[in-house]
Structure formats: C-alpha cells, structure tokens
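Notes for the one structure printed next.
The values are calculated or read from the model by the stated rules, or taken from the named source; none is laboratory data. What you see is a predicted model; the values in this text were computed from it and never measured. Cβ: placed from backbone, ideal geometry, glycine included. Neighbour counts: every protein chain shown. All accessible areas refer to the heavy atoms of the entire protein, side chains included, with ligands and DNA or RNA removed. Shrake-Rupley method; radii C 1.70, N 1.55, O 1.52, S 1.80 Å.
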Amino acid sequence: MQSNTIQSIWHSESWNGEPIVLAGDIGGTNSNLALVKVAGGSFDLLLETVVPSAEVDSIIPSIRILLDSATKKFPELRVSVAGISGAGPISKNHCDLSNLDWDLDGTEIEMAFGFPTKIINDFEAISYGVPLLDLNNPEEVTHLPHTDGGDPEPIGSVSLIVGAGTGLGVGMLIKDGDRYRALPSEGGHACFAAFDLETEELRAHTQGAANTIVEIEDLLSGRGLNTILDYFIVMRGMKVDETLGKILDAEPLQRPALISRHAEHHPVCRDVIRLFVKIYGRVAADFSATVLPRCGLFLAGGIVGKNERYFLDGSQFIYFFEQNAREQVKQVLRKIPVYIVKDYSISLVGAAHAAWLLRDELV
C-alpha cells in the first residue's frame, strides 16, 4: 500500500559526488527516510520524505519514491549503504515494529534495491547521533548547569542517553579511538525505586491492586504523565475542573501533550510536570552512577524537548540528579556534563552514522 500524503523535503540543493547513506527513522506516527551526504566527519541531510506510518504497510514504496525524487535531480546518485531504525526488538537484521502491523527486514530491502542495509533499534540510532551534535550550538543542545554553576567539559569515552517518550529508552555510547559502539539496553524496564514519601505514595498508587513490579517506564514516559495525573486526582484529592476534564476525556496518547500545554497556567498540570522532572533527575542519576558518563549525559525524546523550561526551572532536574547520601558520589555526579538534545534529526543522522561505521560488516 502506498500513501498519497508522502511529503518530500529538500535540505540541500547541491550534491558533489559525496557518498550517500539512506537513513530511516520508523516510528508509530511517522516514517522518515532521508538521503544523507557523508563528507569528512559530517553527515548532512540531502532529501527527506515523511509519510504517516499507518498509511503504509511496507517501507519499500517509500524508499522507491525517495530514490526516484533524488535521481531525477542527480542522475548519478547512488546509495552506498542504508541504516534504518525502528521502534521494536531487533533480531537477524529484522525489526518487529512495536506500534505497527508491518515490520522492517534488511534482507528484503537489500534484495529490492541492491545496497547493504542495517536495521537497528530506534534508541541505538539516537545513540549514534550523539557524537554528531555540536555541543556549542544552542539549536542542537541545551546545557544544564550543576547546582554549583559548573558546566563540566566532556572527557573520557562513555556517553549515556536517557530518553522518555512513548516509552523510556536508555543506551550507552562507547568511543574506542575513532570508532563508536552503541550499547542498547532495556533499562527502562528496571524496577522503579521510590526515594521519598511522595514517590513512595506514587509507586504504591501505580502498583495498585495488581501487585506487579512498577517499572521506571511506567512513570517516566508518556503514559507515566497520565499515571502521575491520576495520582494527583485520586491520592491527593485534586478537583477535576474543566481543564482536567478535557484532558481526561482525550485519548490516552493525546493527554501528555495536553498536560504540557496547560502546565504554565494550571497548578495540577504544573505539579504533574514537576514530579515527572524530579523522577527524571533521580533515575538519570542512578544510571549515571552505574556507568559514569564523563563524556556526557544526554536527555533525549519528545517529552524533555517540549518541556525544556521545566527542566531548567529552579534547577529542579539537576538538584535531584545530584542528591546522594555520600558526598563523594555527589562530587562525581557534578563532574558529568548534562545536555538536553534539541536536534530532532538526530535519529536520521544517527542511523546513517551507524550504517557508515558498520558498512564493512554489511558487505
């Protein structure tokens, strides 16, 4: 099935024979594909297409449209290798997409178009995009200073990426000489550890009568925002006024955006975001204490990007990030640079970077 609403975006009008990587970021809402120019250590978008994921049942037609559009303008253009990320488990170069009824298969793409194709997890793509960020460009990242005003320089070889969105992604990036290796994890499914009376009450509310383990992702995700709102209404007795009524009447997937939208003027919505940011700080600290990412902690995902001001407001995120019973551990955490990722092309360029680094393994 081919969508009639595919959108093409030219990011550059020039191609001078640079190697081309086909990159993909396949999510539950949109499927983004791009042709990426590789020059030196730079990965620059040439042409991008966007199609609603629910309107197609395979990525093959979208790839064909992307290539046809590019070769009309640049007849000599050829793809060297492809890297396509998907939200779902990866096995044998195949991804079962978690929120769609179709999948990604690297072998199928290779047979259709002839170029080697690497299928990776969506958070792996974000991890490979991290070293391509310009840390001095405020359009790409926001620095979160520590409570003592410090903004440490990145050193060492380990970066940590924690991203709350539909779920919670956690990954590491290790630099070995001039090469990088992303280490995916299922850290979002670790047990949530309450750290004060408020979060213990929230944990108990989330667990409810089901008597199941409360995972970090149950609170640090889009549905986590819904759960925190429910906690304030049920456990804290907050009145459901007109604004909250409209939020609760909306579809569950739409509620997080509405909570964020009303946070500036509605006290309960603001409290939901406050508690979310507080939990984010502690969880990020726990993962940071485990891997010591002196090259940087990167906060990715749509929720942090859309609520950046609340992560900066009153240094709340950093305050809870630095909390620890041992002063020496606090000092270690204060040496970790912390950044909010603002560049939404990171998944595409990260997928391209991964494919380019791994191209010798694909041939």
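Could we say that D25 is more than 14 Å from W356 (Cα to Cα), within 22 Å of the chain's Cα centre (by Cα), assigned to a strand (DSSP E or B) and not hydrophobic (A, V, I, L, M, F, W, C) here?
yes
Looking only at segment 194-243, which residues are open to solvent by 50 Å² or more (accessible area, probe 1.4 Å), within 13 Å of D271 (Cα to Cα) and at pLDDT 95 or above?
Matches in segment 194-243: D230 only.
Being modelled with pLDDT under 95, open to solvent by less than 10 Å² (accessible area, probe 1.4 Å) and among the polar types (S, T, N, Q): is that true of S98 here?
no
Residue by residue through segment 126-153, note down the ones that are crowded, with 19+ Cβ neighbours inside 10 Å and in a loop (DSSP other than H, G, I, E, B).
Passing the criteria: L133, L144, H146.
Kindly provide the set of residues from segment 2-22 that are in a loop (DSSP other than H, G, I, E, B) and either out of contact with any Pro (no Cβ under 8 Å at 6 or more places or on another chain) or open to solvent by less than 40 Å² (accessible area, probe 1.4 Å) (or both), ordered by number.
S3, N4, I6, H11, S12, E13, S14, W15, N16, G17, E18, P19
If you check every pair at least six apart or on different chains, which have Cβ atoms under 9 Å apart with a residue in segment 118-135 that is without any contact (Cβ under 8 Å) to a residue 40 or more places away in the chain first and a residue that is among the aliphatic types (A, V, I, L, M) and open to solvent by 10 Å² or more (accessible area, probe 1.4 Å) second?
I119/I90
Name the residue that is nearest to S159 (Cα to Cα), counting only residues in segment 325-335 that are open to solvent by 50 Å² or more (accessible area, probe 1.4 Å) and free of Cβ contacts under 8 Å to residues at least 60 places away in the same chain.
Checking each candidate, the answer is V332.
Could you list, ordered by first residue, the pairs with Cβ atoms under 9 Å in which the first is in segment 312-324 and surrounded by fewer than 19 Cβ atoms within 10 Å (Cβ to Cβ) and the second is modelled with pLDDT of 85 or more and of a type in the set (D, E, K, R), at least 6 apart or interchain?
D313/R274; Q316/R274; Q316/K278; Y319/K278; Q323/R282; Q323/K330; N324/K330
Among the residues of segment 332-345, is any over 26 Å from A194 (Cβ atoms), part of a helix (DSSP H, G or I) and at pLDDT below 90?
No: zero hits.
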